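The values are calculated or read from the model by the stated rules, or taken from the named source; none is laboratory data. What you are looking at is a predicted structure, and each value in this text was computed from that prediction instead of being measured. Here Cβ is always computed from backbone atoms with ideal geometry, including for glycine, and neighbour counts include all displayed protein chains.
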Amino acid sequence: MVQTVEYWRETDQSWHQGPPGIAVVTGDDNYIGNHPVTGVAQFMTFPATFRGLVGDALRYIHATPAGRQILLPLSAASVVSILPSQGGNTVATRGGGAMNLVAEELTPASMIGGVTQAALNRINVPHYAQASWLTHMINSSPELLLDAVPGAGTGFFARLEKARQYANQWGLLADRRYLRWTSSNEGYFNDQTLGRSLDAGGYNIGITLHEVAGWIAGNPLPARLSPRAQNHALVATLAALRDVSPSANGAESVIGWNPYASNPLNLSRPPAIGLAHELIHAYYSGLGQQLGRDFGHPSTVLFEFLCVGLGPWDEAPISENGIRRHWYSHAVPLMGPAEKQSRKAMPKRIKYL
């Protein structure tokens, strides 16, 4: 088997035969994919255009301020690999070390131990008031869900916010900045921003000061709370302690990227922004600062919101929304006229699913 790996280096935005850099599989004589009809694994021809598409996408991402901040450490530390995917885009870490140490302690069973207790000691609150502070943070934080606008839940206001997002996207078609080459998209992006969602009240699960004090002391969350309420307590705590949670050692990431028409998400946003999303995950994993598990866990909402720039990290500079904000003004001028799908002003993403 002959597999070709080349390294894209941030310092000169070009390809190299060895590290440092972002490792990209650019050829594979034994490339295995799934048959488009039967889904059966079989040997296939490696996509000849993949190398060029990765290089273009990384160049566009690098043109944005957030993109440069992401690509510099990923390239210098050689902690991410990119290979073609036939389905959707994916990211996975190798080994442990991606989550911060509080998340690593709390996510298996929502049990507070020494790491979380030490993090609580680092907040700007007297020791005797820690339980009161955490009780307030849990009961006043909006519920964060993968399939809902942050703070809006799943009811009427969530539907209203979703309708507003679609209206923004359709309204973009009539906006002059959608068609113009040189003007900035930043004003349009800001037009969509709400300081608070339409229903950003906290999800008060009614956990008591006594119960939180017991949780801090090492007891389980009270059994009287529903699974939904227990999940909220975990998620709200992880979010509240992010700034005082020590980083882990970091982990390498492997990204599967599909820039082709077989990835339906490429109809709704430039393929390069899809790659940027996975690179941001890799960035936080490389720093050991992920807040949650990457799939199938209540904390996954934090894994995704930190990446997209939602909820507590609304419009965070290093996020997918940070890339989207400057896409039209910084990345689009680098593109040729044939790249119609990518030469667009990007709306703010206000929900994950």
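Tabulated data
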{"quantity": "Residue match in region 53-76 (condition: part of a loop (DSSP other than H, G, I, E, B) and either touching a Pro at 6+ places or on another chain (Cβ under 7 Å) or closer than 17 Å to TYR284 by Cα (or both))", "calculated": "no"}
{"quantity": "Test for ALA338: is it at pLDDT below 95 and of a type outside the set (D, E, K, R)", "calculated": "yes"}
{"quantity": "Enumeration of residues in region 84-98 that are touching a helix residue (DSSP H, G or I) at 6+ places or on another chain (Cβ under 6 Å) and either surrounded by fewer than 18 Cβ atoms within 10 Å (Cβ to Cβ) or not polar (S, T, N, Q) (or both)", "calculated": "PRO84, VAL91, ALA98"}
{"quantity": "Residue, surrounded by the fewest Cβ atoms within 10 Å (Cβ to Cβ), within region 102-132, restricted to residues that are closer than 20 Å to SER285 by Cα and without any contact (Cβ under 8 Å) to a residue 60 or more places away in the chain", "calculated": "PRO108"}
{"quantity": "Hits in region 254-271 (condition: touching a Lys or Arg at 6+ places or on another chain (Cβ under 9 Å) and either not in a strand (DSSP E or B) or not assigned by TED's automatic domain parsing to the domain that holds GLN289 (or both))", "calculated": "ARG269, PRO270"}
{"quantity": "Count of region 1-27 residues which are in a strand (DSSP E or B) and modelled with pLDDT of 95 or more", "calculated": "15"}
{"quantity": "Tally, over region 272-292, of residues that are within 25 Å of VAL102 (Cα to Cα) and outside any loop (DSSP other than H, G, I, E, B)", "calculated": "11"}
{"quantity": "Failed condition for SER14, given (1) surrounded by 14 or more Cβ atoms within 10 Å (Cβ to Cβ); (2) more than 21 Å from SER285 (Cα to Cα); (3) over 19 Å from the mean Cα position of the chain (by Cα)", "calculated": "(1)"}
{"quantity": "Test set (1) more than 11 Å from the chain's Cα centre (by Cα); (2) farther than 21 Å from GLY96 by Cα - ASN321 fails condition number", "calculated": "(1)"}
{"quantity": "Where a residue in region 67-81 is closer than 21 Å to GLY95 by Cα and its partner, wherever it lies, is in a loop (DSSP other than H, G, I, E, B), with Cβ under 6 Å and at least six apart", "calculated": "SER75/GLU10; SER75/GLY21; ALA76/PRO20; SER78/PRO19; SER78/PRO20"}
{"quantity": "Matching residues in region 276-307 - criterion: being hydrophobic (A, V, I, L, M, F, W, C) and either free of Cβ contacts under 8 Å to residues at least 24 places away in the same chain or surrounded by 23 or more Cβ atoms within 10 Å (Cβ to Cβ) (or both)", "calculated": "ALA276, LEU279, ILE280, ALA282, LEU291, PHE295, VAL301, LEU302, PHE303, PHE305, LEU306, CYS307"}
{"quantity": "Test result for SER285, in the same structural domain as GLY21 (by TED's automatic domain parsing) and at pLDDT 95 or above", "calculated": "yes"}
{"quantity": "Selection status of ARG324, out of contact with any strand residue (DSSP E or B) (no Cβ under 9 Å at 6 or more places or on another chain) and either closer than 20 Å to THR107 by Cα or in a helix (DSSP H, G or I) (or both)", "calculated": "yes"}
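Listed here are the residues, each with its yes/no results for (1) farther than 30 Å from SER268 by Cβ; (2) surrounded by fewer than 16 Cβ atoms within 10 Å (Cβ to Cβ).
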position: ASP29; (1), (2): yes, yes
position: GLY39; (1), (2): no, yes
position: ILE61; (1), (2): no, no
position: LEU71; (1), (2): no, no
position: ILE82; (1), (2): no, no
position: ASN100; (1), (2): yes, no
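Each row is one residue, and each column tells you yes or no for (1) at pLDDT 95 or above; (2) part of a helix (DSSP H, G or I); (3) acidic (Asp, Glu).
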{"site": "GLY88", "(1), (2), (3)": "no, no, no"}
{"site": "ILE112", "(1), (2), (3)": "yes, no, no"}
{"site": "THR116", "(1), (2), (3)": "yes, yes, no"}
{"site": "ASN121", "(1), (2), (3)": "yes, yes, no"}
{"site": "ALA131", "(1), (2), (3)": "yes, yes, no"}
{"site": "LEU145", "(1), (2), (3)": "no, no, no"}
{"site": "ALA152", "(1), (2), (3)": "no, no, no"}
